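Just so it is clear, none of the values below were taken in a lab; they were calculated from the coordinates. Not measured: the values here are computed from a predicted model. In this analysis, Cβ positions are derived from the backbone assuming ideal geometry, glycine residues included, and neighbour counts consider all displayed protein chains.
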Amino acid sequence: MYSFERNFKNICRCCRSEGCFKSISGEYYDSGQKENYENMLKETFNINIIHKNSSEISTMICDSCILKLRAALAFKNMVVASEEKLSLYFSKLQSDNDKGFQYSASVKNDLIKSETLKTELDEDHTMDNEQSDRFDDDLLSIKDEIECEDKDQYAVNNRKRKLEHRTRKSTRKKLTCGTDEIPDSEKDWTKITERRGRGPILRENSLKLLSNSTMFVFQWNKSRYTCFCCKQPFMDMCSLRDHSNKEHSIQNIEKKIITQQNRLLKVEISSLSCKKCKEKLNTIDDLLQHLIKNHEIKFDIKEHLLIPFKIQTEGLKCQLCPETFRKFRLLNVHVNRHYKNHVCHICGASFTNLVFLNLHRTRSHKTFNCNECDVTFPNRTDKKRHDRIEHNVKYERKLRFPCPYCDERFFQENFKIQHLVEKHGMSKPEYKCSLCVKVFITKSLCNNHVKNVHMKEKKHECDICHNLFYTKSDVTRHRVTHTGEKKFSCSLCNSPFSTRDSLRRHMKRTHEVLN
């Protein structure tokens, strides 16, 4: 029995199935013909769709009901056309009767079946051959017209039946609007796996888990959480969850998975629960066992494409080991260790998919050649340094940190925070060093201070004097003491300086009054 406590926003208005496709009052095209399903219901069944409280009640219709409605309207039009032709026949017969011709019912049937008839209807009324031939020709023309139209209608109906058969056949391969289960009995996964690999069955299992639970798919792109289907960015997972549930159906997700060739999917499971019985669950494996045991949903293999994340409740913690992280980017890189689907043959690093492996090869094992002097470098950093020193090439820094309120972007997180404080009124964060009195605007700056000043972590060595430094940039700044190069000059007095920091200090001390 249907429960009236269910959400009325995402159901078909006709069959009350979940996961709808088209607006019932919108205009669409099918085989070049414009359709309005609300008008079709009115025309076919004299049913008026109520639009009261449209924000709370669905005004959608599913594909299955659309096919039935088209068939019903086509049947009605066929009956109406047949009645019109028969009415024309009887009206013509009546007009001839008004002229003095009277026929029995048996003669009417014989007239339709034969080409010529010669019959006496009454002793006092006879019909000559000329009148009989003329009337027979008229009846036969009506009969031929009806038969011709019947043949055309049969051809149209036959094409529609074939189209509906193909639609039903493809629909059986997907999750339907009304049920969360897939007709597994119609699939031979052994043959599918032999022919196409394990991708289709992993995708099918993933769709079952997604459609029967509250978890949702997301992506990470340019330091933001984005929608898996439409790439729209969000600053928090709650907004992304609401958007995904409202705007995208399980069919949209399936198409996207197929487009991405069954790559692994990131899913948020902080508030994971079963949609069928509302039971709360902790992991995807718990959900899978729950669906098998309590709801008799079949899984041929207990594997899927889903990578779990709990971002809303537990912060940035790996769901497969105890490690925690300050940034999602670092957690995302770490997760590759647990999914050894693709392994680099050079260094043995593992990755979740081929895209990440190729990206690793490009960044870590690709050699870089200078086009001007034919020198090879093992990494991009060395090549950039060579280009700056030898060829005076200038590189722009990547602006990886976007402002959530405007279009500004920054290459360091502390500059982004400073912008939020000055331009958007955010309260200035304070991260205090536990070993001294210094305060920093970001946690990363505070951590770097502790490692550099208090812990004396110095892992980067100068290749000339072999002194150790905290960062590579410190080594770069130090190297100019050996080369004597001064490539930075003051725009006001043309004084040369070896580093940008020394130029900045000069500008502040010497030209502060002028500025």
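A few remarks follow.
- A simple spin-label model places pseudo-atoms 7 Å from Cα toward Cβ; at residue 232 and residue 92 they are separated by 6.1 nm.
- Whole-number D in µm² s⁻¹ for region 184-315, Kirkwood Cα-pair radius fed into Stokes-Einstein, 25 °C, 0.890 mPa s: 159 µm²/s
- 5 angstrom amide H check on residue 408, placed H, neighbours 5+ away: 403
- For region 328-397, the ratio of Cα radius of gyration to the globular rule of thumb 2.2 N^0.38 Å stands at 1.41.
- Annotation: the residues 470, 29, sorted from fewest to most other C-beta atoms within 10 Å of their own C-beta, follow the order 29, 470.
- Extension gain, residue 163 back to residue 504 (0.36 nm per residue minus Cα-Cα distance, nm): 115.4 nm
- Ranked 13, 397, 409, criterion: other C-beta atoms within 10 Å, fewest first: 397, 409, 13
- Sparsely packed chymotrypsin sites (Phe, Trp or Tyr not before Pro) within region 368-436, loop by DSSP, other Cβ within 10 Å at most 10: 395
- Distance between region 196-230 and region 274-305 - C-alpha centres, whole angstrom: 16 Å
- Pairwise FRET efficiency - residue 495 versus residue 280, Cβ, R0 = 56 Å, nearest 0.05: 0.25
- As a proxy for reagent exposure, ranking 434, 64, 270 by other Cβ atoms within 10 Å from fewest up yields 434, 270, 64.
- The calculated FRET efficiency for residue 412 paired with residue 42, based on their beta-carbon distance and R0 = 51 Å, is about 0.25.
- If a spin label sat at a point 7 angstrom from the Cα of residue 303 along the line to its beta carbon, the backbone N atoms of region 244-270 nearer than 13 Å would be those of 264.
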